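Visitor: I'd like to ask you about the structure that follows.
The values are calculated or read from the model by the stated rules, or taken from the named source; none is laboratory data. Everything quoted here is computed from the prediction, not taken from an experiment. Cβ sites come from the backbone with ideal geometry, for glycine too, and all protein chains shown count toward neighbours. These area figures cover heavy atoms from the full protein model, side chains too; ligands, DNA and RNA do not enter into them. Shrake-Rupley method; radii C 1.70, N 1.55, O 1.52, S 1.80 Å.
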Amino acid sequence: TPDIEPVATTTGLGYEETELVEFFAKLDDLMEGSQEQQQLSLKLITDSLAEYNNNPSYLWRLCKSQYLCAVLAGQDGAKDIKKDLILEAVQSGERALKIDQRNSEAHKWYAISLGSRGEFQGVKEKILDGFEFKSHIDKAAELNPGDHITHHLLGRFCYEVSQLSWIERKMASTLFASPPSASLPEAIDHFLQAERLKPDGWKENRLFIAKCHIGLGEYNQAVIWLDKADSIPLASQDVREGIKDKLSQQEIDELLVKYEKHRCEK
């Protein structure tokens with residue numbers, strides 16, 4: 001605001017702006033931390049709701065924090081709490097986008113929340129949300145093409161669409177004049193782009209590349225990517241990435257056992 005006295009540094013930010021930047025940095029660190037830290041991030045951010053309710057950078061972080069805590073609730077078997085938090089996350093994402101349509105993070109976390117809402121809906125609503133998810137991830141990728149997570153999510157969308165049942169495809173054809181289609185090769189392209197943007201890779205992305213090759217019957221390629229996923233050290237279980245790695249590793253181990261015999265096929 002015009003009345004804020006500038007900080008005596010070269011940042012060009014006023015006191016309030018500097019305080020907000022530091023607050024956001026703290027939230028971002030907490031959200032990538034342990035379960036307790038993720039839960040603390042939600043408490044801190046909701047405590048500031050009245051103050052920053054019209055700030056899109058605050059609102060997309062609220063959306064993200066609500067989503068992350070919903071995932072934690074689901075892991076603890078608290079399905080009702082998970083549902084409530086997912087619905088709140090969708091609302092927070094909507095509010096962020098009403099204020100700033102050019103915010104790639106708002107598009108991304110709104111899309112992720114929408115995708116999760118399908119767990120609590122019927123087939124029709126799940127399909128509608130799925131294709132709205134795609135439109136917002138496309139927008140996030142357009143606004144920030146260097147975000148490896150966004151390209152991973154585009155791959156996930158293509159993978160999930162390729163796995164739709166006949167009934168789900170029939171439903172989609174009644175909802176859309178030209179139902180969006182996607183293939184496993186398209187999914188692989190997106191996952192490989194994510195890999196290029198994050199050359200050290202991550203387990204979940206490489207696991208999905210392997211699953212795409214399994215879907216295509218390319219079992220030797222699948223084993224190669226499972227090995228690549230397996231070779232990445234597990235992140236610490238004290239941070240969010242470590243929790244995700246543990247779940248991915250379980251599936252990697254199971255698939256390696258199942259497809260080991262295809263290791264030497266050409």
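Visitor: Can you report the number of residues in the stretch 226-244 which are acidic (Asp, Glu) and within 22 Å of residue 215 (Cα to Cα)? Explain how you work it out, then say what you get.
Guide: Looking only at the stretch 226-244, we keep the residues that are acidic (Asp, Glu), and these are 227, 230, 238, 241.
With the extra rule that they be within 22 Å of residue 215 (Cα to Cα), the set shrinks to 227, 230.
Number satisfying all stated conditions: 2.
Visitor: Among (1) out of contact with any helix residue (DSSP H, G or I) (no Cβ under 6 Å at 6 or more places or on another chain); (2) open to solvent by 30 Å² or more (accessible area, probe 1.4 Å), which single condition is residue 48 missing?
Guide: Result: residue 48 fails condition (2) only.
Visitor: Hey, another quick one. Looking only at the stretch 56-82, count every residue that is open to solvent by 30 Å² or more (accessible area, probe 1.4 Å) and of a type in the set (D, E, K, R) and tell me the total.
Guide: Of the residues in that region, 4 qualify.
Visitor: I would also like to ask the following. Please pick out the residue among 102, 95, 117 that is under 17 Å from the mean Cα position of the chain (by Cα) and basic (Lys, Arg).
Guide: Of 102, 95, 117, the one residue that is under 17 Å from the mean Cα position of the chain (by Cα) and basic (Lys, Arg) is 117.
Visitor: Another question, then. Counting just the residues of the stretch 120-163 that are among the β-branched types (Val, Ile, Thr) and over 19 Å from residue 103 (Cα atoms), which one comes out most open to solvent (accessible area, probe 1.4 Å)?
Guide: 123
Visitor: If you go through the stretch 147-167 one residue at a time, how many are outside any helix (DSSP H, G or I) and either more than 15 Å from the chain's Cα centre (by Cα) or closer than 18 Å to residue 184 by Cα (or both)?
Guide: Start the filter on the stretch 147-167 by keeping residues that are outside any helix (DSSP H, G or I), which leaves 147, 163-165.
Keeping just the survivors that are either more than 15 Å from the chain's Cα centre (by Cα) or closer than 18 Å to residue 184 by Cα (or both) gives 163-165.
Residues meeting the conditions: 3.
Visitor: What are the residues in the stretch 168-177 that are open to solvent by less than 60 Å² (accessible area, probe 1.4 Å) and not in a helix (DSSP H, G or I), if any?
Guide: Residue satisfying the conditions is 176 alone.
Visitor: Still on this structure, please answer the following. Would you be able to tell me the number of residues in the stretch 116-143 that are out of contact with any Asp or Glu (no Cβ under 8 Å at 6 or more places or on another chain) and not in a helix (DSSP H, G or I)?
Guide: 1
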